[in-house]
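FYI, it's all coordinate maths here, none of it is from the lab. Keep in mind the model is a prediction, meaning the values are calculated, not measured. Counting neighbours? That spans all protein chains shown, and the Cβs are built from the backbone with ideal geometry, glycine included.
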Amino acid sequence: MLLEISDLSVFYGDIRAVDGLSLSLKEGELVSVIGANGAGKSSLLNCIMGIVPPRGGSISFSGDDISSLPVHKRAARGIRFVPERARVFPRLSVYENILTGAYGIRSKIDFPGKLQWLYSLFPVLEERRNQLASTLSGGEQQMLAISRALIAEPKLLLVDEVSMGLMPVLVDKVFDVLKMLNREHGLSILLVEQNALASLGISHRSYVLETGRIVLEGASADLLKDPKVQEAYLGL
Ligand SMILES: Nc1ncnc2c1ncn2[C@@H]1O[C@H](COP(=O)(O)OP(=O)(O)O)[C@@H](O)[C@H]1O
Ligand SMILES: [Mg+2]
């Protein structure tokens, strides 16, 4: 297993956001966690990245328990994060934002080659490379946040509600890119989403999260046909 989470709990004071959650992801898999607003999706990803501490349970990555490591050590092991609402650096240019993703490892990667590849994935970022990130649209900021994560050649990409606030045509475009990265480049991806249809459509397996607990899991193709999922998450 690349990522193995067992019995994880996250609290904010007395508020229980993640409640005894177990989840795994094999190398090369694209796994999604679907859930409504407030289900605990961001808390889960923030905890995997090391931004919020667990109250209990364990997180192992490539066989090592990483649950007490600081964020930068998890990043150094190859975990990268596309946070909710992209969170790009507004006062830096597009190019400078991408550069921050390669901080400390620029000499170890083919930075110019990788940059050209990202610009070919998202041509709008090349057109706007010298613009401040704050001047980009929401969709462009998501593309930038993905690029900032990808420049570091991650082993595992965590993606928090990349569809939020995007027009349907852009949701399709961004999800197509994630699927392509997984299928053609073998990138392991853990995606959390309210957009169940889009995420079940590109993932191999999915978990359904309700108030911090996994209530259903399985092959995404099976969940798409599951009457409970259809009623609660697909509006069918
Ligand atoms: N910093 C915080 N302080 C207190 N409660 C929080 C904080 N962040 C999230 N929560 C609560 O934890 C629960 C899960 O939130 P979150 O992980 O953001 O869910 P989701 O990403 O699925 O919308 C919610 O009840 C939310 O109100
Ligand atoms: Mg969230």
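What is the order of Ser32, Ser24, fewest Cβ neighbours within 10 Å to most?
Ser24, Ser32
In this model, which of Lys26/Lys173; Lys73/Lys173; Lys41/Lys73; Lys73/Lys225; Lys41/Lys228; Lys173/Lys225 are farther than 30 Å apart at the alpha-carbon?
Lys73/Lys173; Lys73/Lys225
Averaged across orientations, what area in nm² does the convex hull of the alpha carbons in the chain project?
Taking the Cα atoms of the chain, their convex hull projects to 12.4 nm² on average.
Can you tell me which aspartates and glutamates have their Cα less than 15 Å from the Cα of Lys155? Leave out same-chain residues fewer than eight positions away.
The reachable aspartates and glutamates, counting only those whose Cα sits under 15 Å from Lys155, are Glu4, Glu27, Glu29, Asp64, Glu184.
Listing Asp65, Asp172 from the residue with the fewest other Cβ atoms within 10 Å to the one with the most, what is the order?
Ordered by Cβ neighbours within 10 Å, fewest first: Asp65, Asp172.
Check each of the chymotrypsin sites (Phe, Trp or Tyr not before Pro) in region 157-236 and keep only those in coil by DSSP with at most 11 other C-beta atoms within 10 angstrom; list them in order.
Sparse-neighbourhood loop chymotrypsin sites (Phe, Trp or Tyr not before Pro): none present.
Along each of the three principal axes of the Cα atoms of region 86-145, give the extent in whole Å, ordering the values from largest to smallest.
31, 22, 18
Apply the Karplus curve 6.51 cos²θ - 1.76 cosθ + 1.60, θ = phi - 60°, to the phi angles in region 27-39 and return the couplings in whole Hz, x for Gly and Pro.
The phi angles translate into 4, x, 8, 10, 10, 10, 10, 9, x, 6, 4, x, 5 Hz.
Could you give the nm distance between label points at Trp117 and Arg55, where each point is 7 Å from its Cα heading toward the beta carbon?
Rounded to a tenth, the inter-label distance reads 4.1 nm.
Can you compute the FRET efficiency between Arg183 and Met1 using 1/(1 + (r/R0)^6), with r the Cβ-Cβ distance and R0 = 22 Å? Round to the nearest 0.05.
Efficiency computed from Cβ-Cβ geometry: 0.65.
Would you look at the GNM of the chain, springs on alpha carbons closer than 10 Å, and say which of Asp19, Asp160, Asp222 moves the most?
Asp222
Region 124-145 to region 186-200: how many Å between their Cα centroids?
Going from one Cα centre to the other spans 22 Å.
Would you order Met143, Met180 from fewest to most other beta-carbon atoms within 10 Å of each residue's own beta-carbon?
Met180, Met143
Given the chain, what percent of its DSSP beta bridges are antiparallel, to the nearest 5?
Taking every DSSP beta bridge within the chain, about 55 percent pair in antiparallel fashion.
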